[in-house]
Amino acid sequence: MVEVTITVNGTPYTRKIHPLMRLLDFLRDELKLKGTKEGCGEGECGACTVIMDGKTINSCLVLAASCDGKEITTIEGVGVDELHPIQEAFLEVGAVQCGYCIPGMVLSAKALLDSNLDATETEIKEAISGNLCRCTGYQKIVEGVKLAQAKMKESRGEICDSGRG
């Protein structure tokens, strides 16, 4: 067993864990945060996407022990008091169906827009390319990210179009 302290959604958690425990299992089993999903267990589907220190990672491929001292954001840490603009936009454009992939999509979009609010459509598509969706197709998701981008710019006081094309 190894002791780790991992900050998740702003709260530090110290636990003794098996050295081979995946971050995905730490989040779901130790912290009972079920928004992060396991789809493939091979880093191909993006259902397990979380943000670690500002960058998206596949939590099924990362050992929790390697996250000691790191900051993790899961879907439970987004839109806590009210919906985040990305969540609002996804609902507005109908980019949500079964919901299985949506936490990873939202986190991928958030990481992108937090680092580059002027992302192009190509950059948006690249940012979500690690997230598979079998229900909506990707056009509604791209539209949702573009609308969120416009909402976030507007809240910063920037003038822009609606993000819809």
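The values are calculated or read from the model by the stated rules, or taken from the named source; none is laboratory data. Predicted model, so just to flag it, every value in this text is computed and none were measured. So basically every Cβ, Gly included, is an ideal-geometry build from the backbone, and we count neighbours across all protein chains shown.
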Glu38 being modelled with pLDDT of 95 or more, surrounded by fewer than 19 Cβ atoms within 10 Å (Cβ to Cβ), under 14 Å from the mean Cα position of the chain (by Cα) and not small (Gly, Ala, Ser): yes
Boolean, Leu112 is outside any loop (DSSP other than H, G, I, E, B), under 22 Å from Leu24 (Cβ atoms) and in contact with a strand residue (DSSP E or B) (Cβ under 7 Å, 6 or more places away or on another chain): no
Identity of the residue in segment 9-39, touching a helix residue (DSSP H, G or I) at 6+ places or on another chain (Cβ under 6 Å) and among the polar types (S, T, N, Q), that ends up nearest to Val78 (Cα to Cα): Asn9
Selected residue [assigned by TED's automatic domain parsing to the domain that holds Ser59 and out of contact with any helix residue (DSSP H, G or I) (no Cβ under 6 Å at 6 or more places or on another chain)] from Glu126, Glu121, Glu71: Glu71
Scope segment 52-62; condition outside any loop (DSSP other than H, G, I, E, B) and surrounded by fewer than 22 Cβ atoms within 10 Å (Cβ to Cβ); matching residues: Met52, Lys55, Ile57
Residues satisfying the stated conditions in segment 85-117, i.e. out of contact with any Asp or Glu (no Cβ under 8 Å at 6 or more places or on another chain) and free of Cβ contacts under 8 Å to residues at least 12 places away in the same chain: Leu91, Gly99
Test result for Glu82, crowded, with 16+ Cβ neighbours inside 10 Å, of a type in the set (Asp, Glu) and either in contact (Cβ under 8 Å) with a residue 40 or more places away in the chain or not in a helix (DSSP H, G or I) (or both): no
Residues within segment 6-36 that are over 22 Å from Val106 (Cβ atoms), hydrophobic (A, V, I, L, M, F, W, C) and assigned to a strand (DSSP E or B), tallied: 1
Filtered residue count, segment 40-68, keeping only those that are of a type in the set (Ser, Thr, Tyr) and either touching a residue at least 60 places away in the same chain (Cβ under 8 Å) or in the same structural domain as Asn116 (by TED's automatic domain parsing) (or both): 2
Count of segment 85-109 residues which are part of a loop (DSSP other than H, G, I, E, B), surrounded by 23 or more Cβ atoms within 10 Å (Cβ to Cβ) and aliphatic (A, V, I, L, M): 1
